[in-house]
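Before any comments, here is the structure.
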Amino acid sequence: MRLKLAIQKSGRLNQDSMQLLKECGIDISNGVNQLKADASNFPIEVFFLRDDDIPQYVQDGVADIGFVGENVVYEKAKKVEVAYALGFGKCRLSFAIQKGEEFTGPQFLAGKKIATSYPVLVQQYLDQHQIKAEIHEISGSVEIAPGIGLADVVCDLVSSGSTLFMNGLKEAATILNSQAVLIKRNNLPAELVPILERLLFRMESVKKAKKHKYVLMNAPNAQLDKIIEVLPGMKSPTIVPLATAGWSSVHTVIEEADFWNLIEQLKTLGAEGILVVPIEKMIL
Ligand code: ATP
Ligand code: ZN
């Protein structure tokens with residue numbers, strides 16, 4: 001039995017999806033230009049599809065799981081389960097208005113023509129705020145709609161905002177913060193559950209490793225207590241005596257988030273020769 005995984009064939013999610021599989025030690029280097037490929041070292045089969053089609057394939061059980069943006073999952077509203085946040089493909093689904101205008105809140109949208117590829121999510125937002133507006137569904141290049149007189153407002157995916165800016169628009173309100181997620185079909189056959197669990201375990205180890213760094217430093221023994229106190233660490237740090245009397249080498253794992261603060265404290269406390277090393281996998 002193989003677990004069938006659907007990923008985007010080409011586009012913004014393709015590379016990160018392939019990279020994640022690679023970091024999980026899953027080798028699908030053969031046949032990436034075809035419709036599907038078998039992993040050589042893991043019971044998984046990868047289907048390459050348009051992202052819009054992935055929720056449908058997973059609902060129907062043609063694929064067991066898929067990697068796809070939350071924006072697509074919620075817009076398509078298929079019967080699938082969001083099982084894991086993948087941490088890439090981050091973007092926002094936002095309303096954008098002409099640069100010169102002032103957004104006064106949801107009421108601003110009343111009676112406006114809104115161009116979007118996300119009619120379901122936009123309608124939900126309008127209903128929530130009890131606003132009536134006209135939705136024009138278009139499938140691509142939504143940002144040019146106001147410029148050609150097709151709409152007053154757009155609702156589209158944004159990451160940096162530079163596409164909007166180049167088209168004389170500015171971001172006004174966000175409907176959804178999105179990232180790529182792993183979706184799974186309802187009633188996944190029992191024999192596939194352990195394979196999915198193995199995959200999730202590997203993805204979690206990769207994710208944790210990315211958030212952490214391995215740190216090594218030399219410290220005067222007289223300062224060790226104070227240094228150990230500021231180190232978070234998985235358990236307690238490893239302390240190894242150096243050949244030079246009165247000095248030790250201290251090893252520990254720290255979170256990327258509080259990295260610089262901690263390094264500054266360590267230097268103040270007398271640590272020297274601080275090395276920061278990336279961690280490839282982290283199994284807890
Ligand atoms: P396909 O040919 O598979 O239908 P597409 O043109 O619909 O591709 P892409 O532009 O490749 O889709 O985007 C795929 C997904 O990448 C989006 O649905 C979204 O989840 C995510 N994404 C991340 N950042 C952005 C962004 N700035 N603009 C658009 N999508 C983004
Ligand atoms: Zn698409």
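The values are calculated or read from the model by the stated rules, or taken from the named source; none is laboratory data. All values derive from a computational prediction rather than experimental measurement. We place every Cβ from the backbone using ideal geometry, glycine too, and count neighbours over all the protein chains shown. Heads up: the accessible areas ignore ligands, DNA and RNA and are worked out on the full protein's heavy atoms, side chains in. Shrake-Rupley method; radii C 1.70, N 1.55, O 1.52, S 1.80 Å.
In units of the rule-of-thumb radius 2.2 N^0.38 Å, the stretch 91-178 shows an alpha carbon radius of gyration of 0.95. Element breakdown for the stretch 1-124 at a 1.4 angstrom probe: carbon and sulfur atoms account for 46% of the accessible area. Summarising the strand pairing of the chain, around 75 percent of its internal DSSP beta bridges are antiparallel. Extension gain, GLN265 to HIS129: 0.36 nm times the residue separation minus the Cα-Cα distance gives 44.1 nm. For the stretch 105-205, trypsin sites (Lys or Arg not before Pro) are listed when DSSP marks them as loop and at most 12 other Cβ atoms sit within 10 Å of their Cβ; the list is LYS132. Placing a label point 7 Å from the Cα of TYR214 along the Cα-to-Cβ direction, the residues of the stretch 247-274 whose backbone N falls under 20 Å from that point are 248-260, 263, 272-274. Treating each Cα of the stretch 1-128 as an identical point scatterer and summing with the Debye formula, the log10 of I(q)/I(0) at q = 0.10, 0.16, 0.23 Å⁻¹ comes to -0.42, -0.83, -1.41.
Under 5 Å between amide hydrogens, built in the peptide plane, is the criterion, and for ALA63 it picks out VAL58 among residues at least 5 positions away or on other chains.
In the stretch 91-178, what % of DSSP beta bridges are antiparallel (nearest 5)? Before the final figure, lay out the partial values.
Details: 13 of 20 bridges.
Antiparallel bridges: around 65 percent, rounded to the nearest 5.
The value of relative contact order for the chain, using C-alpha pairs under 8 Å at least six residues apart, is 19 percent. Taking every protein chain into account, the 1.4 Å probe leaves LYS213 with about 40 Å² of accessible area, to the nearest ten. Residues in the stretch 212-278 average 61 Å² of solvent-accessible surface per residue, probe 1.4 Å, ligands and nucleic acids excluded.
So what's the angle, to the nearest 10 degrees on a 0 to 90 scale, between helix 259-268 and the longest Cα principal axis of the chain? The two axes meet at around 30 degrees.
In the P(r) worked out for the stretch 212-278, what percent of Cα pairs fall beyond 20 Å?
When all Cα pairs of the stretch 212-278 are counted, 16 percent exceed 20 Å.
Full extension of the segment from LEU150 to LYS99, taken as 0.36 nm per residue of separation minus the current Cα-Cα distance, would add 16.7 nm. Per-residue accessible area (protein heavy atoms, 1.4 Å probe) orders THR238, THR268 as THR268, THR238, starting from the largest.
Report the full-extension gain for the segment SER10 to PHE201: residue separation times 0.36 nm, less the Cα-Cα distance, to one decimal in nm. The partial results should precede the final answer.
On the way: separation 191, 0.36 × 191 = 68.76 nm, distance 2.62 nm.
Here the segment from SER10 to PHE201 would lengthen by 66.1 nm.
Within 10 Å, count the other beta carbons around each residue, average over each peptide in 44-50, 240-246, and list them highest first.
Details: 44-50: 19.7, 240-246: 9.0.
The packing order, highest mean first, is 44-50, 240-246.
Mean-square fluctuations from a GNM of the chain, with a 10 angstrom spring cutoff on Cα atoms, peak among GLN19, GLN223, GLN179 at GLN223. For the chain, the Cα-based Rg and Dmax, in that order, read 24.7, 78 Å. Measuring from centroid to centroid over Cα atoms, what is the spacing of the stretch 1-28 and the stretch 213-284 in Å? Taking the Cα centre of each part, the stretch 1-28 and the stretch 213-284 sit 36 Å apart.
Partner lysines whose Cα lies under 18 Å from the Cα of LYS79, excluding those fewer than 8 positions away in the same chain, are identified as LYS4, LYS184.
In the stretch 101-184, which GluC sites (Glu not before Pro) fall in coil by DSSP and have 14 or fewer other Cβ atoms within 10 Å?
Values: sites: GLU101, GLU102, GLU134, GLU137, GLU143, GLU171; in loops: GLU101, GLU102.
Taking the stretch 101-184 and a limit of 14 other Cβ atoms within 10 Å, the loop GluC sites (Glu not before Pro) found are GLU101, GLU102.
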